[in-house]
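The values are calculated or read from the model by the stated rules, or taken from the named source; none is laboratory data. Small disclaimer: the values here were computed from a predicted structure and weren't measured. Ideal geometry is used to build each Cβ from the backbone, glycine not excepted, and the neighbour counts take in all protein chains shown.
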Amino acid sequence: MRTELATKHALLLTGIGWGSLPDLLVEDDLAAGRLVRLPVRDWIGNEALRRLPLVAAYRWDCQLGPAGRWLFDRLGPSDAV
């Protein structure tokens, strides 16, 4: 795992914020409930970007801040594992 991805992964697990990582890097955390998958509704204006798989994750036991809440409210229903 590249250092940047490892750092981002560690920060997500500590509840520092939300972000996206390749599924391979977070599948165990999602399965164990350490992270929660947030689906992205069709809210991106660019057609090409809408076709990209995009997943947002956050710690289930951490309260979202204002920016995280704003994003979460716009993502739509969760398909949390």
Residue list for segment 1-12, restricted to those being of a type in the set (A, V, I, L, M, F, W, C), modelled with pLDDT of 75 or more and either exposed (fewer than 15 other Cβ atoms within 10 Å of the Cβ) or assigned to a strand (DSSP E or B) (or both): Leu5, Ala6, Ala10, Leu11
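Is it the case, given these coordinates, that Leu54 is modelled with pLDDT of 75 or more, out of contact with any Asp or Glu (no Cβ under 7 Å at 6 or more places or on another chain), surrounded by 10 or more Cβ atoms within 10 Å (Cβ to Cβ) and assigned to a loop (DSSP other than H, G, I, E, B)?
no
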Is at least one residue of segment 30-48 at pLDDT 90 or above and over 23 Å from Arg74 (Cα atoms)? yes
